[in-house]
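Each remark here refers to the structure printed beneath this line.
The values are calculated or read from the model by the stated rules, or taken from the named source; none is laboratory data. Since this is a predicted model, take the numbers as computed values, not measurements. Backbone-built Cβ (ideal geometry, glycine too); neighbour counts: all protein chains shown. Each accessible area value is taken on the protein alone, full model and side chains, heavy atoms only, with ligands, DNA and RNA left out. Shrake-Rupley method; radii C 1.70, N 1.55, O 1.52, S 1.80 Å.
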Amino acid sequence: QVQLVESGGGLVQAEDSLRLSCVFSGRTFGKYAMGWFRQAPGKEREFVATISRSGDIVYYADSVKGRFTISRDNTKNTVALQMNSLKPEDTATYYCAARLWVHSTNPVDFGSWGQGTQVTVSS
């Protein structure tokens, strides 16, 4: 019904940048709030950033505020996460997620998930 595919992860050094992209399959992208979450080994999945259906409201985790930027292009059915000034603690698998209608920062509220893309930041 909803398929999400992430790309853009990789191995980088501290202070480097990456841009993650997520492609949404389907014809109702504008009905979904979108989010990025991440999970490191031995840790629970955590909120990184979310964006409302129209893109007018965004939320960021304190740990990434000022460094990461979430955006969406409703003409291309994509959502992106620009990550600057990366730190080793940003190392994780990053997941794109979709939640119908209502904006949220809680991963439990999101019903559709991509398979993830690995981001590794070395010191």
Just the number, please: percent antiparallel of the DSSP beta bridges in the chain, rounded to the nearest 5.
90 percent
Exposed loop GluC sites (Glu not before Pro) only (DSSP loop, at most 12 other Cβ atoms within 10 Å): please give the longest stretch of the chain free of them, not including the sites.
45-123
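On full extension of the chain, what length is gained from Asp16 through Glu89, given 0.36 nm per residue of separation minus the C-alpha to C-alpha distance?
25.0 nm
For the chain, report the accessible area per residue in Å² (1.4 Å probe, heavy atoms, rounded to an integer).
Accessible area per residue, the chain: 53 Å².
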Along the Cα-to-C-beta direction of Asp56, a point sits 7 Å from the Cα; which residues of region 84-123 have their amide N less than 15 Å from that point?
102-103
Taking 0.36 nm per residue of separation between Thr78 and Leu100 and subtracting their Cα-Cα distance, the length gained on full extension comes to 6.4 nm
Residue among Gly55, Gly42, Gly111 with the largest mean-square fluctuation in a Gaussian network model of the chain, springs linking Cα atoms under 10 Å:
Gly42
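Compute the signed sum of charges (Lys and Arg +1, Asp and Glu -1) over the other residues within less than 15 Å, Cβ to Cβ, of Asn106.
Neighbour charge sum, excluding Asn106 itself: 0.
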